[in-house]
Structure formats: C-alpha cells, structure tokens
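The values are calculated or read from the model by the stated rules, or taken from the named source; none is laboratory data. As the structure is a prediction and not an experimental result, all values here were calculated from the model. Heads up, the Cβs are rebuilt from the backbone with ideal geometry, glycines too, and the neighbour counts pull from every protein chain shown. The area values use the complete protein model at the heavy-atom level, side chains included, leaving out ligands, DNA and RNA. Shrake-Rupley method; radii C 1.70, N 1.55, O 1.52, S 1.80 Å.
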Amino acid sequence: MVGAADVGSDNLIHRMAMDDPIPWYKKPNLRAMYLLLFPCVIGIEMTSGFDSQIINAAQLLPAWKDYFGHPTGSYSGILAAALPLGSVVGLPFIPIVNDTFGRRWCIMFGSCIMVIGTIVQGFSYNGVMYILARAIIGFGLPYAIVAGSCLIGELAYPKERPILTSLFNACYFLGAIVAAGTTFGTQHIANDWSWRIPSLLQMAPSLLQIFFVFFLPESPRYLMSKDRYEDAKQVLIKYHAEGNPESEFVKAEIVEIKTTLEIEMENSKRSWGDMIRTAGMRRRLLIGSLLGLATQLSGNVVISYYLGDVLKLIGYTDPSFQAQYNLGNQCWSLVCGVSAALVVMRFRRRTMYLTGILSIFAVYVAWTICSAVFVSNHSEVAAKLSLFWIYAYSPAYNLCFNALTYTYLIEIFPFAQRARGIAIFQFWGKAAQFFGTYVNPIGTGAIGWKWLLVYCCWILVEAVLIYFLWPETSGRSLEELAFLFEKDEYARRTEAALAKTLAGGSDNEEKNVQAVETVEKV
C-alpha cells in the first residue's frame, strides 16, 4: 500500500534551498524571525508539557490530595482527563478561525482562552471548578497548536522547516521541566499554595504568545489564499531572500505556491467534506487519525500523568524520590527530544518512524517483564531495571512521535485542508489522551503490572499500520507534497509554471519544454 508515494522526489525548490551555502544564523531577517518563533509559536507545546506535570506532580503533594479528597480511580481520571475533553469540544471550530482570520489571530484566541482557564484553575475552591478550569484550558490549547504548527511550516525557509516543526513538539518537555521543578520546590509549602502556584504558572507560555505573536509575519500561503499576493511576496522577499526582490529562489517559490493554491482551490470546497471526497484525502484522514491515536496510546500517558502510580508498582513510594525521578526524566526527555529534532534531516521519515515504534515495543516488553518479576518475588534488580526502562522509553518515543508528528502532518496535508487535517489529528489525539488519563488509574489499580500488557499489544499493532500506511515525505517542498496522492497532471501543471518562471517568463514553447525537462531531471 506504500507504493509510488515512497519513491523519493528531489524537488527543485528543495534542492535550491539545500544548496544555499549561507546558514540561517548569518541571515539577519531570517534569524530574527526564528528567534521570535521560539517564545510565541514553538513554545506553544510548553503548555501541554506543563499540564502533564501539573497533574503528575500535584498528585505527589499532600496539600493537593487533601484539598481534593485523595482522588482515586475515576475521580482521579476525570481530574486529569478534563483538559483533553475540553480540546475535543473546541476542535470543530478551529479551521474556521484559522483559515478565516489567519494563523496569528487563531494563536491569540487560543492563548487568551488558556489564560482565563489557568486563572480559574489556580483559584479553584473545589473539584468541579478545577475540572471546569482544565476543560477551558483544553478548549483553547488546540487553537494555538493547530495555528502554530501551520505557521511554522509555512513561514520557515525549506532548509530548516523539518527541524523547526520537530522542535515544536520538543518544547513540551520545557514546560514539563518547569512544572516538575516548580512543584518539587513548592512541596515544602505546608498549605494550598503548594499546588496553586504551579497551577497559575501554567499561563506563562500563553502570555508569551499573546505578547509576541504579532511581531511575526503572517503565513504567506494564507495571504495568497486571501488574494493578498503583494503582502505574501514581501514576506517571502524579506525572510527567504533577505530583502532581495530579484531572488530567483523567491520568484520560483511564489509561482509554485500560487499555482499549487489555485489547483487546490479548484478541487476543494474548503469544508469538512473535503476530508473524505477523494481517495487521497481519505488516506490522509486515516493516517492523521491513526497518528493522533498513536501519539497518546503508545504508553506515554502512563509515564506522563501517572508516574507516581507506576513507581509504587515497583516499590518506590517515597514522594521525594518520585519527584526527583520525575524531574530527572523530564530533563532527559528534553535532551532526547531536541536531539531527535536536530537529526530529522539526516534520515527518511519512514526509517525514523519504524525504528522508533519498534524500539518503543522492545522497551515496553522489557519493562513489563521487570515489573512482573518484581511483583512476583520483590526483586530489587527487577525494580532498578524498571527504572532504567522508563528512562529508555524517552529516546524511543522522541525518535518518531515527538520529533516527526507535526513535521509529518504539515507535509501530508495540503494548504486547503491543513488546518482540518491537524484538527482531526488533535481530535483523535485528545480523545486518546482522555481515554488514557481516565482509564489508566483504573487499569493500574485493578490489574497492576498486567495493564502494561495492553500497551504492548497495541504498540505492535501500531508498528504494522505504520509499515503499510505511512508514505515517505522527505526531500520535497510543501507544494510538491500537496499532490502526494493525487493525479500527476496536478504536479506537472505546477512544474510547468515553475519552469516558465525559471525560463524568464517566455512564451516560447521550446524554451518552456526544455525548462520543464530541467525541473524533472533536478
């Protein structure tokens, strides 16, 4: 089922960008834009990481447990699962905001909602208010995530785009580290502020986005979709050509984007129905949905939200040790996430996905065996090996699901359906997160280490699906990937327009044919 989609294609625009000898840090305009991307766009996922540790670390705080009545089972599950539940409610409206008002306004809207939810969370006076606050945060979060991931992919110079979109998810661990470290420090406060302070700090990433997002340019692809060609041209000239209006690269880029958007709009109604209208879109829909499930049902939620319960299974019940181990794991995960993002240009996408998912499977099997051995005979060696396997999980997960998630989504979904595609990914991801956060405490409480066997089986299924369904997308521009599963005539139409531009705009048929042949050979 992989077929022709896996055949490598060295797109001309991609080749021109990769052959550019000047690194990004020596380009003043591009450097300034990248530095702004970090606080206001790439940092969006810090909120997700912060949230996982707010729940994970807060459950280790005596004051939090006393205030909310020592939650267990389904009550503990809904306290954690309220955020993904709120996300699922808000997802259908994201493409409307994102494609109507632009990426920046969508980020601003989501960030403002999250600030409101965080304030309510920090001053909650009972469990119901706490759950409602987390649902509000969850409602706003995917607006920022969908728009932010689109903006990164559509603004970045092609040479750095995969790395930047991969770093987007790696910032999850920055938020997790701050939350884990803050909660570790506030555990010595003998009152409710031990959990209220970290809860209020969760608004920090959103405040960064609110303050900085309008210092960034709008997506040139969004501007072109609104017939604002001159504005889009100026963005590309400033950041992709350092202000040079005669840049051959930008001229070619503008033509490729414009022609591709025209073809997309001719074949799209810009509605949810587009997601199932053609065989190609149905395959994209299937991949996006499965990717959403895989990112949250590959065993990561167990570690992210219920590490305390997992450590209790292997005999580590001291809250201080749990907090220190958790903080160390988040720091290690950040190293793994950034490292995976920085090597994303060196390997093919399918290679990274298959290596990562098989490594996750191996780690989970080994962890499950060690947990079972400890429960059977209280082996100290088995307990310590379990601690090792929990740490070993991070590089395996980061290699595929952290580093590649948004890079891959942006590549497989064309502009006209990109926001809807990522929203669908978010829907299945948040639904899986809701399921995992709600069910995991029930499962571990009911059957203990045997609950890990469920994940072992599912991870193996994921590996099979990735092998048969995931196409290769590396080495191509976003515009070429827009026709990944579509008719060749669409791609050739874009190539012809690009060839004409490179031939100097001549109407001479022989010159244009030669230019097209040059494009196909490069």
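Okay, here's what the table says:
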{"read-out": "MRE, 222 nm, helices only [DSSP H, n ≥ 4, -39500 (n - 2.57), over the chain, to nearest 500]", "value": "-24000 deg cm²/dmol"}
{"read-out": "Residue (of Leu201, Val255, Asn29) at the positive-pole extreme of the chain, dipole from beta-carbon charges", "value": "Leu201"}
{"read-out": "Pairwise FRET efficiency - Glu230 versus Ser271, Cβ, R0 = 30 Å, nearest 0.05", "value": "0.60"}
{"read-out": "Gyration tensor verdict on the stretch 21-130 (Cα atoms; rounded if a/c is under 1.5, prolate if a/b is larger than b/c, oblate otherwise)", "value": "prolate"}
{"read-out": "Point-to-point label distance, Tyr391-Phe38, nm (Cα→Cβ direction, 7 Å offset)", "value": "2.7 nm"}
{"read-out": "Extended-chain gain in nm, criterion 0.36 nm per residue less alpha-carbon gap, Glu248 and Lys26", "value": "78.0 nm"}
{"read-out": "Charge-dipole axis of the chain as Lys and Arg at +1 and Asp and Glu at -1 on Cβ define it, positive-most pick from Ser474, Val365, Ile13", "value": "Val365"}
{"read-out": "Neighbour cut-off at most 13 other Cβ (10 Å), DSSP loop, GluC sites (Glu not before Pro), the stretch 172-272", "value": "Glu246"}
{"read-out": "Residues of the stretch 445-471 with amide N under 14 Å of the 7 Å Cα→Cβ point at Ala366", "value": "none"}
{"read-out": "Mean Cβ count within 10 Å, highest first, over the residues of peptides 401-410, 98-107", "value": "401-410, 98-107"}
{"read-out": "Gain on full stretching of the segment that runs from Leu460 to His378 - 0.36 nm per residue minus C-alpha separation", "value": "26.7 nm"}
{"read-out": "Gyration tensor verdict on the stretch 181-287 (Cα atoms; rounded if a/c is under 1.5, prolate if a/b is larger than b/c, oblate otherwise)", "value": "oblate"}
{"read-out": "Accessible surface of the chain, 1.4 Å probe, proportion on carbon and sulfur as whole %", "value": "66 percent"}
{"read-out": "Student exercise, the chain dipole from Lys, Arg, Asp, Glu Cβ charges, in Debye to nearest 20", "value": "800 debye"}
{"read-out": "Computed lengthening from Arg348 to Leu200, 0.36 nm per intervening residue step minus Cα-Cα distance", "value": "49.2 nm"}
{"read-out": "Cα-based shape type of the stretch 295-364, given that a ≥ b ≥ c are square roots of the gyration tensor eigenvalues and the cut on a/c is 1.5", "value": "prolate"}
{"read-out": "Eligible lysines near Lys500 by straight Cα distance, threshold 17 Å, same-chain separation 8 or greater", "value": "Lys251, Lys258, Lys511, Lys521"}
{"read-out": "Estimated inter-spin distance, Phe214 and Val128, nm [label 7 Å along Cα→Cβ]", "value": "3.8 nm"}
